[in-house]
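Following: one structure in structure tokens, then a few remarks.
None of the figures in this text is laboratory data; all of them are computed from the coordinates on show. Quick caveat, the model's predicted, so the values are computed rather than measured. Ideal geometry is used to build each Cβ from the backbone, glycine not excepted, and the neighbour counts take in all protein chains shown.
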Amino acid sequence: MFCLFMENKVNQVTAFMLYIYNRWSIQEAKLVFGDNLGEHIFDKYLHHRNGLGELFWYSELDNVCRRKLVERAIEFYGKESLK
């Protein structure tokens, strides 16, 4: 069985979910991705949030954008996700 709480590793799923539900906003999107791309990604998020959901929205992002989101999430919730 794969363990998400490996020694000295952050549970990225927990960090990501806490980040999206607690901090994700148009301002965060623009900070992470820049004004134009940030606005586009946030608009897609709003579109999927009330339909297919955040996980579907995340699955449509490319690997570079996914990595940026996870890295930002770990900045805020890395230590908390290890509890």
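Each Lys or Arg adds one and each Asp or Glu subtracts one; over the other residues with Cβ under 12 Å from the Cβ of L55, this totals 0.
On the principal axes of its alpha carbon atoms, the range 25-82 extends 31, 25, 20 Å, with the longest extent given first. Packing-based ranking of 23-34, 54-65 yields 23-34, 54-65, ordered from highest to lowest mean Cβ neighbour count within 10 Å. Coupling constants for the range 54-60 follow from the phi torsions by the Karplus curve (6.51 cos²θ - 1.76 cosθ + 1.60, θ = phi - 60°), and in residue order they are 5, 5, 5, 4, 4, 5, 7 Hz; glycine and proline get x.
Do you know the relative contact order of the range 25-82, to the nearest whole percent, from alpha carbon pairs under 8 angstrom that are 6+ apart? Let's see the in-between values first.
Details: 27 pairs, mean separation 13.7, N = 58.
Relative contact order for the range 25-82 comes out at 24 percent.
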